[in-house]
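Input: a single structure, listed below in structure tokens.
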Amino acid sequence: MPTESDTIELSEHELREITGYAAACARRALPIFEQGTSVDPRPREAIDAADEFAAGGRRTTALRQSAWAAYKAAGEAGSPAAADAARAASHAAAAAFLHPKASAHQVKHILGAAAHAARAEELESGEDGVTGSTLEWARHHAPAAVGAVLGRLPAAPSGGGRVGEHIRDLDAVLRT
């Protein structure tokens, strides 16, 4: 198991696959955000920017700024579910900036979009603790790069409430 001071191998191909996966997970929750605030384009723009990077685009300042803009949209969202949907979008764009550090914190960068999308779905359903299809989808659609890179990192950290639980559950299932 790597220590926190180690670096890990992380190819550009893996980074693109992880970012594409994060964008796909976040896109599943985007309607939750847009149904209440359809005039705010920031989460959609973050997901689109993540998709562009995943498809071979450059890792730019604009991509990083789109992640921060979606994060800000989460703070302005009209409901907790919409806030988590916007956080999923923020994590999708931020996944392109995953660091090759053997840090448990990096697990959040890989799985944060999926976990926040699943939490948004839970909150939208009104049944706290009942996960919907997004978490199951995330388990079955993760590309090989997700499991491979998770396997190079320490296990997901404790804490983080329900989103943290989702991250740890996904980490346990996807890690190779």
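Points to keep in mind about this one:
- Candidate set from region 144-159 (those that are under 19 Å from residue 99 (Cβ atoms) and not in a helix (DSSP H, G or I)); member that is least open to solvent (accessible area, probe 1.4 Å): 153
- Residue satisfying condition, being outside any helix (DSSP H, G or I), open to solvent by 30 Å² or more (accessible area, probe 1.4 Å) and not acidic (Asp, Glu), within set 99, 109, 91: 99
- Search result, residues across region 147-168 that are more than 14 Å from residue 104 (Cα to Cα) and among the aliphatic types (A, V, I, L, M): 148, 163
- Only one of 142, 148 that is over 16 Å from the mean Cα position of the chain (by Cα) and modelled with pLDDT of 95 or more: 148
- Each residue in region 68-82 was checked for being open to solvent by less than 10 Å² (accessible area, probe 1.4 Å) and either out of contact with any Phe, Trp or Tyr (no Cβ under 6 Å at 6 or more places or on another chain) or over 21 Å from residue 133 (Cβ atoms) (or both), and 4 of them qualify.
- Filter result (modelled with pLDDT of 95 or more, loosely packed, with under 13 Cβ neighbours inside 10 Å and of a type in the set (A, V, I, L, M, F, W, C)) within region 31-61: 55
The values are calculated or read from the model by the stated rules, or taken from the named source; none is laboratory data. These figures come from a predicted structure and were not determined experimentally. Neighbour counts run over all protein chains shown; Cβ positions are idealised from the backbone, glycine included. Accessible surface is based on the protein model in full, side chains and every heavy atom, while ligands, DNA and RNA are left aside. Shrake-Rupley method; radii C 1.70, N 1.55, O 1.52, S 1.80 Å.
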